[in-house]
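Rule-based calculations on the coordinates, nothing more; no lab input. From a predicted model like this one, the values you see are computed outputs, not experimental measurements. So basically every Cβ, Gly included, is an ideal-geometry build from the backbone, and we count neighbours across all protein chains shown.
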């Protein structure tokens, strides 16, 4: 392995989405806003909802990004302003490209069930951030055995396989899952930065013990990462070329200027986003008042 800076450890923070669904948020972090073009990571669950309860996130807008949902347990219905209605099931990815603007909602298929998922955003580069919106469900993804770890290639390329998901910057996303003791060495791109996030169980990543609620950051310069699991575990490895564009991330919006944020908010409040069809049982989300925005430097 090439000499590289040591890993940096960060703590995810608790947050609430939708009506009352609790999640932990790894990105953006006040000290590390992006990892490659990955600019947002929420970890939901695993959670067992009580009877009559579920995840319900009402219609809300996005610009300048792609939403990337990785479903581990349970079923969620995606609806958007392009007229798409899609159930996402375990082992699938929903990828929505907001571009110049889209609205969507997300609801548990059935209340009182168990859900486990990761919700990520990918910042679109300046050349693509105003592209037409789109949506795709990916029901089949490449899977390889890596030393007893089941590696699902979510985005980019790894272990000689390439994910079908359409992205617009050089990046990678891999889900590793093990049912017992496992060990592998993951080849890395030295020009990528990476982060490792444990979703359940515990793992040793580059000799660092990692459990849910914490994550590790690896600066560019590494060509290999060692992963070990002693018991059942699952983790995400995300990476990409450091994002060199200055971003503003505020509420559900990613932009380059505060003016773009203000325009999107005005359009949402005025009803100029196309409605989510066929609709969601959850109430439309109202945008909070625009305060100090979070500047996110790539």
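Residue pairs whose Cβ atoms lie under 7 Å apart, sitting 6 or more positions apart in sequence or on different chains, and linking a residue in the range 119-138 that is on the phi > 0 side of the Ramachandran plot and in contact (Cβ under 8 Å) with a residue 60 or more places away in the chain to a partner that is part of a strand (DSSP E or B) and buried (at least 20 other Cβ atoms within 10 Å of the Cβ), do not occur here.
When the residues of the range 55-75 are narrowed to those that are without any contact (Cβ under 8 Å) to a residue 60 or more places away in the chain and either more than 25 Å from residue 168 (Cβ to Cβ) or touching a helix residue (DSSP H, G or I) at 6+ places or on another chain (Cβ under 7 Å) (or both), which ends up surrounded by the most Cβ atoms within 10 Å (Cβ to Cβ)? The qualifying residue surrounded by the most Cβ atoms within 10 Å (Cβ to Cβ) is 74. Scan the range 112-133 for residues that are surrounded by 15 or more Cβ atoms within 10 Å (Cβ to Cβ) and within 26 Å of residue 44 (Cβ to Cβ) and report the count. Total satisfying the criteria: 12.
Out of the residues in the range 224-245 that are touching a strand residue (DSSP E or B) at 6+ places or on another chain (Cβ under 7 Å) and outside any strand (DSSP E or B), which is farthest from residue 177 (Cα to Cα)? My answer is 243. Residue 196 satisfies every condition listed in (1) more than 18 Å from the chain's Cα centre (by Cα); (2) surrounded by 24 or more Cβ atoms within 10 Å (Cβ to Cβ) except (1). Could you tell me which residue of the range 93-114 is nearest to the chain's Cα centre (by Cα), considering only residues that are in a loop (DSSP other than H, G, I, E, B) and over 17 Å from residue 60 (Cβ atoms)? Filtering the range 93-114 for residues that are in a loop (DSSP other than H, G, I, E, B) and over 17 Å from residue 60 (Cβ atoms), the one nearest to the chain's Cα centre (by Cα) comes out as 109.
Can you confirm whether residue 178 is within 17 Å of residue 43 (Cα to Cα), crowded, with 23+ Cβ neighbours inside 10 Å and over 19 Å from the mean Cα position of the chain (by Cα)?
Criteria not met by residue 178.
Residues checked against (1) more than 19 Å from residue 264 (Cβ to Cβ); (2) in a loop (DSSP other than H, G, I, E, B); (3) in contact with a strand residue (DSSP E or B) (Cβ under 9 Å, 6 or more places away or on another chain):
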| position | (1), (2), (3) |
| --- | --- |
| 68 | yes, no, yes |
| 91 | yes, yes, yes |
| 120 | yes, no, yes |
| 130 | no, yes, yes |
| 136 | yes, no, yes |
| 140 | yes, yes, no |
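Just the residues that are over 17 Å from the mean Cα position of the chain (by Cα) and in contact (Cβ under 8 Å) with a residue 24 or more places away in the chain, please, taken from the range 249-259.
Across the range 249-259, the qualifying residues are 255, 256, 258.
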